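Data block below; observations after.
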Amino acid sequence: MEYKTAADGAKNLKRELQAEFPGVNFTGRSKSFSGGNDITVNYDFGPNPADVKAIANKYEEGSFDGSIDLYTYDEDRSFTSKYGGAKYVMVQRHLPNDIYKPFIKQYCEIMNGCVYNETDPEQSKETYPDGSFARCVTESVYRIVHDVDFRNVKEYKLIWDDKINGFNII
């Protein structure tokens, strides 16, 4: 059997992602270096990165344990031998920087103790009931936006969703 390369893995991963998430433009690139190789998948908006990573993980040939500085190859590499793979597989979703600003304002309208900064929305703050600083709103909004499946977003409106007991974007 012919061993498949990281380049083969990148092509097959891109093909699999486009079949699973039609309408989303994925790019897959492979790179070889002295310590091994990697595959990087990039896309704009689209599905939750965790959903993409769940598929991409099949193309990773093992795992790295940073506590002992050791890469361990999986015992069963039949999938990567057949379809290609790499030591490291990374998924990067790109969102424009200005996407966060309207969500910051909406977040502050929903949350008690949130102080919206009209001049620089990214400097908006959440405060504790005593008025002391709790955290920057931007961090909370980044976390919310990171988990959104943008294929389902129609209005770009931040809401509190009782079904998930958390924020969602519709």
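Which ones in the range 1-35 are of a type outside the set (Gly, Ala, Ser) and loosely packed, with under 15 Cβ neighbours inside 10 Å?
Scanning the range 1-35 gives 1, 2, 3, 15, 20, 22, 25, 27, 29, 31, 33.
Name the single residue, out of those in the range 111-147 being assigned to a loop (DSSP other than H, G, I, E, B) and acidic (Asp, Glu), that is least open to solvent (accessible area, probe 1.4 Å).
So, considering only residues that are assigned to a loop (DSSP other than H, G, I, E, B) and acidic (Asp, Glu), the one least open to solvent (accessible area, probe 1.4 Å) is 120.
Mind checking which residues of the range 28-45 are closer than 27 Å to residue 96 by Cβ and either modelled with pLDDT under 95 or charged (D, E, K, R) (or both)?
Within the range 28-45, 28, 29, 31, 38, 44, 45 qualify.
Give me the strands (runs of 3 or more DSSP E) completely within the range 36-103, filtered to those with at least 1 residues that are open to solvent by less than 30 Å² (accessible area, probe 1.4 Å), ordered by residue number.
The strands (runs of 3 or more DSSP E) meeting that bar are 36-44, 62-65, 88-94.
The values are calculated or read from the model by the stated rules, or taken from the named source; none is laboratory data. No experiment lies behind these values; they were computed from the predicted model shown. Positions of Cβ are generated from backbone atoms using ideal geometry, with glycine treated the same way; all protein chains shown enter the neighbour counts. To get the accessible areas, we keep the full protein, side chains included, count just its heavy atoms, and leave off ligands, DNA and RNA. Shrake-Rupley method; radii C 1.70, N 1.55, O 1.52, S 1.80 Å.
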